[in-house]
1. Where the second residue is small (Gly, Ala, Ser) and surrounded by 14 or more Cβ atoms within 10 Å (Cβ to Cβ) and the first is in the same structural domain as residue 141 (by TED's automatic domain parsing) and lies in the stretch 238-249, which pairs have Cβ atoms under 9 Å and are six or more apart or on separate chains?
2. For residues in the stretch 94-112 being among the hydrophobic types (A, V, I, L, M, F, W, C) and modelled with pLDDT of 95 or more, which is surrounded by the fewest Cβ atoms within 10 Å (Cβ to Cβ)?
3. Restricting attention to the stretch 238-254, which residues are among the β-branched types (Val, Ile, Thr) and part of a strand (DSSP E or B)?
4. What is the number of the single condition among (1) surrounded by fewer than 13 Cβ atoms within 10 Å (Cβ to Cβ); (2) modelled with pLDDT of 95 or more; (3) closer than 18 Å to residue 156 by Cβ that residue 173 does not meet?
5. Does the stretch 101-112 include one or more residues that are more than 20 Å from residue 176 (Cα to Cα), in contact with a strand residue (DSSP E or B) (Cβ under 9 Å, 6 or more places away or on another chain), hydrophobic (A, V, I, L, M, F, W, C) and assigned to a helix (DSSP H, G or I)?
6. Considering only residues of the stretch 78-120 that are more than 25 Å from residue 237 (Cβ to Cβ) and among the β-branched types (Val, Ile, Thr), which is farthest from the chain's Cα centre (by Cα)?
7. Report, ordered by the first and then the second residue, all pairs with beta carbons closer than 6 Å, sequence separation of six or more or different chains, a first member in the stretch 210-232 that is touching a residue at least 60 places away in the same chain (Cβ under 8 Å), and a second member that is small (Gly, Ala, Ser).
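The values are calculated or read from the model by the stated rules, or taken from the named source; none is laboratory data. The shown structure was predicted, so the numbers you read here are calculated from the model rather than taken from an experiment. Heads up, the Cβs are rebuilt from the backbone with ideal geometry, glycines too, and the neighbour counts pull from every protein chain shown.
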Amino acid sequence: MNKIKFSNLVKNILVILIVVFIFSEQTIAFARAGGGSSSSSHSNSSHSSTSHSRSSSSSISKHPTLIETIIIIVTLIAVIIFANIIIRKARLAKKKDKSIQTMEELSKLDSKWNYNNVKKDIKDAFYMIQISWKERNEDFAREYMSEYMYGKHILQIDEMKTRKEKNILENMILLDATPIGLKDFAGINKDYIWVNIKAKSKDYTVNEETNEVIKGKVSRDVHFEEYWKFIRNEKRWVLDSIKQVDQITDLDYF
């Protein structure tokens, strides 16, 4: 079982524990409401009731309250989430180191695998594709995309035009482009690199007829992270696929 699946399992268990504790608290309350004994003597009955009440109070005081239980569980969940973030960052860093090392070895025989050259191709493709998307003109980035991605880009842009929508991207900054997986085959037709892309920009959508903002916020920068797959052609590395972070549950995919 991978770490992400294990984490999800733990979270589910914690949710169940919350429910159990809630019903546990209710059960104790019902037990106290029904306390007392039906002994033959009023004095004995009163003494038994008082004794039982004290015993119940003492027993309850040993257990955390519902609020304390929730705080503990929420804290545990936060720790698990934080731990997952650290684990993911560590695995990405390890994949980056391994990928760069492999590229250095491959570049001794093939300059297209040179890390600096690859970074330049990725950066050029990133910015040209953003411009193409903003202007709703797929031809701006034609040479930076594979046939598959170019066709997909055309369909998405046509859909925006049909809806009279325009996605505005301002102050786009590529924060990081980290190689996290690659494969070298004989020839160049099947070679690929997966890259962890991090960027930020103002990102909002307007109706082109009214100029009304229908999605996003004009005043706020949006940070985003995606996985981009690049393949080779005769000239450069070009974009072939984009995966969202939540689409990949196991980094071994790369």
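1. 238/125; 238/146; 239/125; 239/141; 239/146; 240/146; 241/146
2. 100
3. Once the filter is applied, which keeps residues that are among the β-branched types (Val, Ile, Thr) and part of a strand (DSSP E or B), the stretch 238-254 yields 238, 242.
4. Condition not satisfied by residue 173: (3).
5. Yes: one or more hits.
6. The residue in question is 79.
7. As it stands, the answer is 231/146, since those pairs meet every condition given.
Conditions tested, residue by residue: (1) outside any helix (DSSP H, G or I); (2) in contact with a Leu (Cβ under 9 Å, 6 or more places away or on another chain).
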| position | (1), (2) |
| --- | --- |
| 124 | no, no |
| 127 | no, yes |
| 131 | no, yes |
| 148 | no, no |
| 170 | yes, no |
| 188 | yes, no |
